[in-house]
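Please read the structure below before turning to the comments.
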Amino acid sequence: MTVVQNTIARGLALPGQKSQEATVSSPKRIARIAGVFYLLVGIFGGFAEGFVDPKMYVAGDAAATAGNVVANSGLVRMGVVAHLFDGAFFVITAMTLYILLEHVHKSVARAMLVFVAIAVAMISLNAVFQFVGLRVATDGSYATAFGVAGSNALVQLLLEIQHYGTLAAQVFFGLWLAPLGYLAYKSGLFPRALGVVLVVATVSYLVDLFAAFSFPDLAKQIHPFLIIAPAIAEIWMVVYLLIWGVRTTPATDRAAIAPLGHDAAVPR
């Protein structure tokens with residue numbers, strides 16, 4: 001990863017800049033790049049999970065679900081693509097933050113990447129189930145083979161797998177925020193309160209997931225409260241990355257320079 005970091009540092013340097021000045025400025029630029037990708041994660045993920053998916057899936061009503069898919073086939077295709085772009089930008093966001101924060105604790109930064117990789121794999125697989133559900137709903141050969149009711153039931157099954165698969169992926173949506181919060185807290189590059197809220201968001205995600213699978217009726221009542229911490233944490237992080245990048249006090253400048261140098265020691 002040192003080669004990548006040094007390449008980024010050289011690439012961000014402007015002609016005529018001193019090497020030290022270019023190195024100091026690059027963490028702020030890397031942070032803003034991460035902020036752009038994180039914003040794209042929110043846009044594509046919000047569109048797919050917050051707008052498209054709820055319009056398609058109707059719990060316990062196969063005919064309504066299949067009817068929604070047929071009536072909004074173009075929107076479903078856009079939703080599938082949005083899920084895939086969401087996953088791609090999520091990985092890039094995590095990789096960019098890894099470059100920025102690995103000097104704080106490399107093992108924790110690696111854990112952050114692993115959680116994101118698992119979440120993205122689940123998102124991508126769930127998108128395939130959604131796309132196959134669209135194919136079943138719009139291809140008359142399935143209705144011929146299984147009957148209309150059977151075809152509708154198959155669409156319902158595929159979208160239920162997608163629905164609960166996305167819910168299960170919430171484990172890793174939550175878990176990646178814990179190492180990110182730790183790294184943000186310890187690095188000095190972000191407000192410490194932001195690091196704390198990111199860790200609290202992990203707990204909120206996990207409690208919400210546990211309730212959704214174990215106590216569905218209770219989950220509907222507490223869900224609006226449990227999404228507050230994640231919403232605050234992630235919006236705060238995106239805004240901070242985009243506007244401020246990272247803090248640039250003398251102490252944090254030295255910490256930011258360390259991972260970009262050839263001989264920097266990296267704590268394990």
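The values are calculated or read from the model by the stated rules, or taken from the named source; none is laboratory data. Keep in mind that what you see is a predicted model, and the values were worked out from it rather than measured. Here the Cβ positions follow ideal geometry from the backbone for every residue, glycine too, while neighbour counts run over all protein chains shown. Just so you know, the surface numbers come from the protein's heavy atoms only, side chains and all, with ligands and any DNA or RNA stripped out. Shrake-Rupley method; radii C 1.70, N 1.55, O 1.52, S 1.80 Å.
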### Residue within the stretch 122-139 that is at pLDDT 95 or above and more than 22 Å from PRO54 (Cα to Cα) present
no
### Task
Would you check which residues across the stretch 201-223 are in contact (Cβ under 8 Å) with a residue 12 or more places away in the chain, open to solvent by less than 70 Å² (accessible area, probe 1.4 Å) and touching a Leu at 6+ places or on another chain (Cβ under 9 Å) and list them?
ALA201, THR202, SER204, TYR205, LEU206, VAL207, ASP208, LEU209, ALA211, ALA212
### Message
List pairs: first residue in the stretch 89-108 and within 17 Å of ARG29 (Cα to Cα), second residue open to solvent by 30 Å² or more (accessible area, probe 1.4 Å) and not in a helix (DSSP H, G or I) anywhere in the structure, Cβ distance under 8 angstrom, at least six positions apart or on different chains.
### Response
TYR98/MET1; ILE99/MET1; GLU102/MET1; GLU102/VAL266; HIS103/ALA264; HIS103/VAL266; HIS103/PRO267
### Query
Where residues in the stretch 43-80 are among the small types (Gly, Ala, Ser) and open to solvent by 50 Å² or more (accessible area, probe 1.4 Å), which of them is farthest from THR138 (Cα to Cα)?
GLY50
### Message
Within the stretch 241-252, take every residue that is part of a helix (DSSP H, G or I) and surrounded by fewer than 20 Cβ atoms within 10 Å (Cβ to Cβ) and give me the one that is modelled with the lowest pLDDT.
### Response
THR252
## Note on the structure
Given (1) out of contact with any Lys or Arg (no Cβ under 7 Å at 6 or more places or on another chain); (2) of a type in the set (A, V, I, L, M); (3) not in a helix (DSSP H, G or I), LEU189 misses just (1)
### Message
Any residue that is among the acidic types (Asp, Glu) and closer than 24 Å to ALA31 by Cα - is there at least one of those in the stretch 152-162?
### Response
no
### Message
For the structure I just gave you, tell me whether VAL114 is out of contact with any Lys or Arg (no Cβ under 6 Å at 6 or more places or on another chain), part of a helix (DSSP H, G or I) and free of Cβ contacts under 8 Å to residues at least 40 places away in the same chain.
### Response
yes
### Query
Of all residues in the stretch 91-117, which are open to solvent by less than 10 Å² (accessible area, probe 1.4 Å) and under 26 Å from PHE51 (Cβ atoms)?
THR93, ALA94, VAL116
